[in-house]
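The values are calculated or read from the model by the stated rules, or taken from the named source; none is laboratory data. What you are looking at is a predicted structure, and each value in this text was computed from that prediction instead of being measured. We place every Cβ from the backbone using ideal geometry, glycine too, and count neighbours over all the protein chains shown.
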Amino acid sequence: MNELAILLTLISALGPQGPSAIDSAEAILARAAEAYRVATTLRSEFVQRIEIPVLEAEKEGRGVVFQRKPNYFLMKFDEPQGDIVVADGQWFWMYYPSAQPDQVVRTAIDQTSEGATLGGQFLVSPTERYVATYVQRDVVGQRPAYLLSLVPKFEAPYTLVRVWIDAQDHLVRKFEIHEENETVRTITLSNVEAGIDLPEDLFRFTPPPGVEVFTR
């Protein structure tokens with residue numbers, strides 16, 4: 001079976017394109033929130049694409065992401081090699097040697113939320129914080145998914161989030177974040193593993209010697 005046939009099979013298996021009562025945006029989002037709640041740890045490969053209209057530029061990166069709730073997170077880039085984002089439970093560290101090899105930026109983590117984890121800001125009490133709209137059924141990495149759009153009800157640095165929620169395990173497989181400055185950041189996940197053992201040591205970060213640390 002060729003690739004096109006596989007995609008057509010997956011799409012047809014999803015049934016009609018319109019949302020049913022059990023496929024409403026709120027119901028889908030509730031299942032995703034529950035899947036996120038019980039997945040205390042997660043490992044996944046990722047591809048990140050950033051479109052920056054004001055600079056007429058695009059950036060792409062890929063690597064592996066790990067997270068352990070509530071506030072441990074590691075985004076380790078293979079491309080650009082060496083770039084890294086780490087949340088160690090207290091600080092959120094960002095080090096991009098591909099662009100600024102002499103600088104590390106850190107921000108204190110809000111201990112009252114799970115914003116340091118991928119999806120935490122979208123999947124904790126989501127219906128209270130976002131207006132959710134069902135868009136369509138779709139496919140991500142040959143897996144059937146539901147596409148929803150989320151508009152924040154609160155002041156946020158983004159105006160819209162589109163999320164692709166797996167139709168089988170209800171974990172988010174793709175995020176598309178539309179920022180206030182019109183930058184669009186898309187993160188696609190693959191080979192997702194939830195509930196695996198991730199030691200706390202994995203999330204430790206020590207700035208390289210000679211690198212200046214800026215605290216925001």
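Please go through the stretch 70-86 and pick out each residue that is within 21 Å of ARG173 (Cβ to Cβ) and surrounded by fewer than 18 Cβ atoms within 10 Å (Cβ to Cβ).
LYS76, ASP78, GLU79 - these are the residues of the stretch 70-86 that are within 21 Å of ARG173 (Cβ to Cβ) and surrounded by fewer than 18 Cβ atoms within 10 Å (Cβ to Cβ).
Of everything in the stretch 142-155, what is out of contact with any Phe, Trp or Tyr (no Cβ under 8 Å at 6 or more places or on another chain) and buried (at least 16 other Cβ atoms within 10 Å of the Cβ)? Give them in sequence order.
Selection gives ARG143, PRO144, SER149.
Only one of GLN90, GLN136, GLN111, GLN100 is closer than 19 Å to ILE165 by Cβ and not hydrophobic (A, V, I, L, M, F, W, C); which?
GLN136
For the stretch 88-112, how many residues meet the condition of being touching a residue at least 40 places away in the same chain (Cβ under 8 Å) and within 26 Å of ALA30 (Cβ to Cβ)?
Final tally of qualifying residues: 1.
Quick check on ARG162: is it within 30 Å of ALA57 (Cα to Cα) and surrounded by 15 or more Cβ atoms within 10 Å (Cβ to Cβ)?
The answer is yes for ARG162.
Among (1) loosely packed, with under 15 Cβ neighbours inside 10 Å; (2) at pLDDT 90 or above, which single condition is SER44 missing?
(1)
Please specify each residue of the stretch 184-201 satisfying the condition of being within 18 Å of GLY63 (Cβ to Cβ) and either of a type in the set (D, E, K, R) or surrounded by 13 or more Cβ atoms within 10 Å (Cβ to Cβ) (or both). Show your work before the answer.
Of all residues in the stretch 184-201, those within 18 Å of GLY63 (Cβ to Cβ) come to 185-193, 196, 198.
ARG185, THR186, ILE187, THR188, LEU189, SER190, VAL192, GLU193, LEU198, listed by residue number.
So which strands (runs of 3 or more DSSP E) are wholly in the stretch 128-216 and hold at least 1 residues that are closer than 22 Å to THR41 by Cβ?
130-140, 143-152, 158-166, 172-179, 184-194
For the stretch 104-125, does any single residue satisfy the condition of being among the hydroxyl-bearing types (Ser, Thr, Tyr), surrounded by 16 or more Cβ atoms within 10 Å (Cβ to Cβ) and closer than 23 Å to THR41 by Cβ?
Yes, some residue in the stretch 104-125 is among the hydroxyl-bearing types (Ser, Thr, Tyr), surrounded by 16 or more Cβ atoms within 10 Å (Cβ to Cβ) and closer than 23 Å to THR41 by Cβ.
Looking at the stretch 179-193, which of its residues are closer than 17 Å to PHE73 by Cβ and either in contact with a Phe, Trp or Tyr (Cβ under 9 Å, 6 or more places away or on another chain) or among the aromatic types (Phe, Trp, Tyr) (or both)?
Residues of the stretch 179-193 closer than 17 Å to PHE73 by Cβ: 185, 187, 189, 192-193.
If the condition is that a residue be closer than 17 Å to PHE73 by Cβ and either in contact with a Phe, Trp or Tyr (Cβ under 9 Å, 6 or more places away or on another chain) or among the aromatic types (Phe, Trp, Tyr) (or both), then ARG185, ILE187, LEU189 are the ones that fit.
Could you tell me whether TYR95 is farther than 21 Å from ARG37 by Cβ and of a type in the set (Ser, Thr, Tyr)?
Yes.
Pick out the one residue from GLU200, GLU212 that is acidic (Asp, Glu), more than 17 Å from the chain's Cα centre (by Cα), under 23 Å from TYR95 (Cβ atoms) and at pLDDT 95 or above.
GLU212 is the lone residue from the list that is acidic (Asp, Glu), more than 17 Å from the chain's Cα centre (by Cα), under 23 Å from TYR95 (Cβ atoms) and at pLDDT 95 or above.
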